[in-house]
Structures are given as structure tokens and as C-alpha cells.
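The values are calculated or read from the model by the stated rules, or taken from the named source; none is laboratory data. Note that the structure is a prediction, hence the values are computed from the model and not measured. As a convention, Cβ positions derive from the backbone with ideal geometry for all residues, glycine included, and neighbour counts pool all protein chains shown. Accessible surface is based on the protein model in full, side chains and every heavy atom, while ligands, DNA and RNA are left aside. Shrake-Rupley method; radii C 1.70, N 1.55, O 1.52, S 1.80 Å.
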Amino acid sequence: MAEKTGKQLRAPGPVPDDPLLWPFAAARLAMDACFGWLERGPPERAESSLPWTTPNSVALELATMRLRNCARTGAGQPALVCAPYALHRALIADFAPGHSVVQSLQNGGIDRVYLTDWRSAAPDMRYLSIDSYLGDLNVAIDEIGAPVDLVGLCQGGWLSLLYAARFPAKVRRLVLAGAPVDLSIESRLSQLARNAPEMVYDQLVARGGGNVSGDEMLRVWSKAPSHDDIVTALQSGEEGAALLARFERWNAEPLNLPGTYYLEIVNWIFRENRIARGEFTALGRVIDLKDVKAPVFLLAGLDDDVVPAAQALATAGLLGTPPAFIAAASQPSNHLGLFMGARTHTHAWPRIAEWLRDDLPGMLVRSA
């Protein structure tokens, strides 16, 4: 019976190749596999063998993350980079010289930079929820010293936005880079979310004993993730080859995800669009994005089909921030290029750093 159901649920079309499409590529894996409700968990993952680009120390050990202190000085306004907690490690924010958000912020005069280094889910983490990650983010910000400048990348963007709405006094300025918020605007994410029945996501979590296996998620793609984002960002010659090899190693070291957290994201955010609709409850309070009144910078990729520019920039209309204090950059980049691309780090991230240091933010930035 399980095999017959699996065949009936098979989705047509190619398997998506972008490594940040993990929630919905997972559904394809579940539909293509024939399995029972197995009581086993994904193996615990060892630490990455890849070194960080920016020297750092662990400032705090929490259940969900290691808070990494990349600061060059103990003085100045702190910025916390909230990496996406999806399939891959936080090295996406500190990938390589010339391809590092942390480094670009430092080069732009932001001396106190911190980074959320999310942990791979062990079996005892399977019940951690979005509230668990918001709670630890709050502890980390208290450790750093509020108010902070919060820089959210991709899915770290909606988490940062929820936090800024829940604790508005603790966020001085907010940067959202390629962040999916209003999923009513058409994208590959919203399409994939609608295409699979809810039960296939539940089955995937059950198959992992309550967690989602990163190794199993990698096998969902029929080929290695498309390198278009990173290849167009790399220089030619030996350096380009070395960076591509580093990218492939990073991609091959996935994280396991807590099942509860995963299902909340899939159902509440990508299927039901609760954040944009004002129906998301975070740490006991219904979130109203109009409570976000801090200056906001939105970074969008003109070639981004994961979080299209129209979707990334539409977040401005949901906030309570006055229009004069909302800046935006539309960069000729696809999704991964927003965080790793040399062109983006040459043009967009220096402007973001300047905006963070500016006493009078709010000018609209457009890059060709």
C-alpha cells in the first residue's frame, strides 16, 4: 500500500537543482521513495573540515548554534549576520576572500561582526521549533549587547524579520538579502510548496526519526547543484578552480534539520504564508510586521528565481518603517551570487556597510 501511495504522489517535472530549495526538494525525495514510518535518525554530523575565511572565536555555545565572534575590536556598533539554517553550513556567509559577507562588512568599516553558526540537528534536537531558534537568537543578541544591526541572508532573513518584529527595541537596523517573506508572490519556492501534499513532508521527517537527513536531502538532486551562481562569480585560472572545489566541498557537507522546525517552515511560512498575512505567532505573540520601524535595507537579485526581486523588494510594503528609511539594491545576480558572488561583494555589500554606518539612512540605491 505504501508503494502504491508513493507512485500516486510522484510529481512531474525536473528535480530542482538549487541547494537552497531544500524544503520542497525534500517532498520530491519523499514522493520518489517507498518507505514505512522508520524509527531511525540521521547520523550526527562531524564538524566541517573547511576553514573559516575570517578569524573568529566562539562567543557562546547554545542548543541551536555557536555564536561566532569575528570582531576586530570590542568597540563600535555590532552587526550580527544571521545565516540561513537550511541544508548547508554558515560558511555561506564567510565563503572565501572576496566572496564573504563577513569580510565585506569588515572592509566597509563594520568592526564588530558576529555570525550564527547553526548546529546540525542531533536526535535530541528533533522537537526544536522556530521559537527555539528565535529564543537562542535573543540570547545571542543579549550576549552581544542590544541594539544590534541584524543582517539576514535568505531564510535567515525571515528569521531576522520575525525577531525584529518581536523585539523591535533590540534591532537598530535590518538588512534582508534574498529573503523570502511574502510567498503569495510567485516563485519556485511557492510553486514547489503548493505541488506536494502535506503528508509527504511528514513522511520525510518520520523517515529520519524526527529529523530531516542532510545526506538524504543531497540525494534528491539528479545531479550536482547548478554551479551557475558560483561560476559566474569566480575569476578564471587557478583561483577560480580552487574556489569551485571549495564550493563543492561546502555543498557536500549538509546539515540535518529538526523535524519540528522543518515542518513549521514548510507549512506555516511557505504553504500558509503566515508571516506576510500577519498570522504568525512567535514566542507567544502574534507578529505584526508594522511593529518593525527600524531602517531596513533590502537586497534582491535580478536573476534570482528562488526569491525573485519582486518578492524580495515587496517586503518594504509590509513594514512599519517609513519609506524614507527603506533602502534597496537590485543586483544582477542569481540567488547564491547574492552571498558569494564577486560582483555583489564589489558593489552591493560595500554599500550596505556604508548604509549601516550612515547617520541618515534611507536613500534608494539601484545598481545596474
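Can you spot a residue in the stretch 114-128 that is surrounded by fewer than 21 Cβ atoms within 10 Å (Cβ to Cβ) and either free of Cβ contacts under 8 Å to residues at least 12 places away in the same chain or in a helix (DSSP H, G or I) (or both)? Looking for residues that are surrounded by fewer than 21 Cβ atoms within 10 Å (Cβ to Cβ) and either free of Cβ contacts under 8 Å to residues at least 12 places away in the same chain or in a helix (DSSP H, G or I) (or both), one finds at least one in the stretch 114-128, hence yes.
Counting only residues that are modelled with pLDDT of 90 or more, part of a loop (DSSP other than H, G, I, E, B) and open to solvent by 20 Å² or more (accessible area, probe 1.4 Å), the stretch 171-219 holds 4 of them.
Of all residues in the stretch 147-165, none are open to solvent by 30 Å² or more (accessible area, probe 1.4 Å), assigned to a helix (DSSP H, G or I) and either farther than 29 Å from Thr73 by Cα or at pLDDT 95 or above (or both).
Scanning the stretch 103-113 for residues that are surrounded by fewer than 20 Cβ atoms within 10 Å (Cβ to Cβ) and part of a helix (DSSP H, G or I) yields a total of 2. Screening Thr73 against (1) of a type in the set (Val, Ile, Thr); (2) modelled with pLDDT under 95; (3) open to solvent by less than 30 Å² (accessible area, probe 1.4 Å) leaves a single unmet condition, (3).
Of the residues making up the stretch 265-277, those that are open to solvent by less than 30 Å² (accessible area, probe 1.4 Å) and assigned to a helix (DSSP H, G or I) are Ile265, Val266, Asn267, Ile269, Phe270, Ile275, Ala276.
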